[in-house]
Amino acid sequence: EADAGEYTCDTGDQQTTAAVVVKVPPVTFVKALHSLELQEGGTAHLSCEVSKPDVPVEWKKGTSVILSSQKCSIKQEGNVHTLVIHDLNRADS
């Protein structure tokens with residue numbers, strides 16, 4: 001996107017100008033999330049992979065945003081995003 005704009009070749013007497021438009025493809029999921037059934041007290045690992053590195057993502061439970069805490073760890077390694085939920089209980093379903 002930063003490369004978009006008008007570019008000019010100038011000979012001193014004459015100029016020619018062209019516009020450059022950079023189209024950015026949308027981010028897609030290469031590997032989607034999968035449902036889990038786990039025992040109370042266990043640990044859930046939810047991972048997905050997106051098509052571009054360093055894309056910010058937001059984890060949610062229903063409509064509530066999940067933040068890193070002792071209960072939930074959020075990790076990103078390249079294109080892979082992982083949510084780890086520790087010490088599972090019924091409220092985590």
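The values are calculated or read from the model by the stated rules, or taken from the named source; none is laboratory data. Please read all numbers here as calculations on a predicted model, not as lab measurements. Heads up, the Cβs are rebuilt from the backbone with ideal geometry, glycines too, and the neighbour counts pull from every protein chain shown. Ligands, DNA and RNA are excluded from the accessible area calculation, which covers all protein heavy atoms including side chains. Shrake-Rupley method; radii C 1.70, N 1.55, O 1.52, S 1.80 Å.
Descriptive notes on the structure:
- Close pairs (9 angstrom Cβ cut-off, 6 or more residues apart or separate chains): touching a residue at least 24 places away in the same chain (Cβ under 8 Å) in the stretch 49-73, among the aromatic types (Phe, Trp, Tyr) and open to solvent by 70 Å² or more (accessible area, probe 1.4 Å) anywhere: Glu49/Phe29; Val50/Phe29; Ser51/Phe29
- Of the residues making up the stretch 1-27, just one is surrounded by 10 or more Cβ atoms within 10 Å (Cβ to Cβ) and of a type in the set (Val, Ile, Thr), namely Val27.
- Leading residue by the ranking (nearest to Thr28 (Cα to Cα)) among those in the stretch 38-93 that are open to solvent by less than 60 Å² (accessible area, probe 1.4 Å), of a type in the set (Val, Ile, Thr) and assigned to a strand (DSSP E or B): Val50
- Scanning the stretch 48-69 for residues that are small (Gly, Ala, Ser) and farther than 16 Å from Leu33 by Cα yields Ser64, Ser68, Ser69.
- Qualifying position, being in contact with a Phe, Trp or Tyr (Cβ under 7 Å, 6 or more places away or on another chain) and either among the hydrophobic types (A, V, I, L, M, F, W, C) or over 18 Å from Ser93 (Cα atoms) (or both), among Ala44, Ala32, Ala4, Ala18: Ala18
- Under the condition of being outside any loop (DSSP other than H, G, I, E, B) and acidic (Asp, Glu), the residues counted in the stretch 15-37 number 0.
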